[in-house]
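The values are calculated or read from the model by the stated rules, or taken from the named source; none is laboratory data. These numbers come from a predicted model, not from an experiment. Here the Cβ is made from the backbone with ideal geometry for all residues, glycine too, and neighbour counts use every protein chain on show.
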Amino acid sequence: MNNSQQGLGSYGVNVENNPGSQVRQDPHTIGILGSADDYATHSMNREVLPDIEGFDWEVQPVQQGPVKILEYWRLDGKFHDDLSHEEIPGSGGIIIHGADDYLRDHALSEINVPEYYTSFDEMDTHYRWSADGRTHISWRFLKRAVRLSNGYGRIDPVTTRVVLCDTGHLFVSGPRGAFLVDIPPGRIFRNGDDLPEPPDSVYETIRGIQVPEENPELQTAFERYIGLLSESPYPSPISHAGFNGADHVLETTSGTTVVNENSLKIVGGQAESFEITVGVYSRQCEGTNFVVSVDPMHLPGKIGEEVTLADDITSFGSTGDTTGIITGYRTEWREDDHIAPSSSGVSTLRFNLIVGLITPDLTVTRRRINVAAFEPRK
């Protein structure tokens, strides 16, 4: 926006105009004025929700961190042949409450938008640097986000805000309300030269290595990944060597390796220690309480230890014995249904250990070990 600046601060993040798409502010310096919630005054009273052509609202709100939103969904066209739809983002929701806290926790920077819809095609692509794939924000997506909060007609210069968040969402406000929308997966650049260099401000220092990663959950997983390798017999990361589409390339003591979202999610998701995993677990199913005791003998080793898991005790598509250092554990109850159409309900209830592993070639994988199986229904 290049006008009406005096009113913008009252709707969330108070940041200066920033015409450069590659400039980031330190999120800790962004001033939150505590009034985004004043604009997101919607409740479960559906009479106050905006009428968006071709869309309806879910029954119950969902919690996304500190913010509660009511998601919208597109009406099925095959049952409404004459129904038209507004050009808005494919998934998102209107904020019920918690906007101030969300922005305070997750705001990266504000994206300035044009005064008119016809000017969006003059905008450059914006980038959110993360291995989670929601990285490339096109002018088309920004236009849809602004239309969501403004509707057709003119763009309101006072209430319209678009704030890039580290969670892979955009906060967008306007006359219709305040919304949180999912940034869609970005295209993978076939030519590395198409992807600009990340600006210095997006780099995080993780165990001495500068990494351009703006997702806080993946930053935490990156720290575990680097730490585990640094204390293992495997090659250790020494520097960040590039950002290829949505994958990080790390220089190691024996070459390079690619670290993607799936690898980091495994490292972050299978992280419970040996000591915490040992214990008693219970689950109610079909009116019966099932109990499993996880003993030390069920676990192949402690975090950081190199182990070999035999193919005959694991799943997740294993095609042979798997050797690697343990990243940690996760436990799960799994209900397996009969495949036959005549059957219904739970046929088998399993309790599994999920083991995260970093293999000698630095691939991150996981293996499932079945600890117990029950048949609650015959």
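Summary table below
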quantity	calculated
Residue in the range 120-131 that is farther than 28 Å from residue 264 by Cα, touching a helix residue (DSSP H, G or I) at 6+ places or on another chain (Cβ under 8 Å), acidic (Asp, Glu) and not in a loop (DSSP other than H, G, I, E, B) present	yes
Conditions (1) out of contact with any strand residue (DSSP E or B) (no Cβ under 8 Å at 6 or more places or on another chain); (2) within 30 Å of residue 347 (Cβ to Cβ); number of the one not met by residue 266	(1)
Test: residue 88 is assigned to a strand (DSSP E or B), under 25 Å from residue 155 (Cα atoms) and at pLDDT 90 or above	no
Criterion violated by residue 295 - all others in (1) surrounded by 12 or more Cβ atoms within 10 Å (Cβ to Cβ); (2) outside the structural domain of residue 208 (by TED's automatic domain parsing) satisfied	(1)
Number of the exception - residue 90 against (1) more than 21 Å from the chain's Cα centre (by Cα); (2) closer than 17 Å to residue 69 by Cα	(1)
Which numbered condition residue 70 fails, given (1) within 19 Å of residue 161 (Cβ to Cβ); (2) touching a Pro at 6+ places or on another chain (Cβ under 6 Å); (3) part of a strand (DSSP E or B)	(1)
Output for the range 205-216, where each listed residue is closer than 17 Å to residue 168 by Cα and surrounded by fewer than 17 Cβ atoms within 10 Å (Cβ to Cβ)	216
Test: residue in the range 126-137 that is surrounded by fewer than 17 Cβ atoms within 10 Å (Cβ to Cβ) and of a type in the set (D, E, K, R)	no
Residue in the range 111-122 that is modelled with pLDDT under 85 and in the same structural domain as residue 89 (by TED's automatic domain parsing) present	no
Residue in the range 232-253 that is over 28 Å from residue 136 (Cα atoms), loosely packed, with under 14 Cβ neighbours inside 10 Å and not assigned by TED's automatic domain parsing to the domain that holds residue 331 present	yes
Verdict on residue 234 being within 17 Å of residue 363 (Cβ to Cβ), in contact with an Asp or Glu (Cβ under 9 Å, 6 or more places away or on another chain), modelled with pLDDT of 95 or more and of a type in the set (Phe, Trp, Tyr)	yes
Matching entry among 105, 100 (being of a type in the set (D, E, K, R), modelled with pLDDT of 85 or more and surrounded by fewer than 19 Cβ atoms within 10 Å (Cβ to Cβ))	105
Residue identified as out of contact with any Pro (no Cβ under 8 Å at 6 or more places or on another chain) and under 22 Å from residue 350 (Cβ atoms) among 282, 232, 273	282
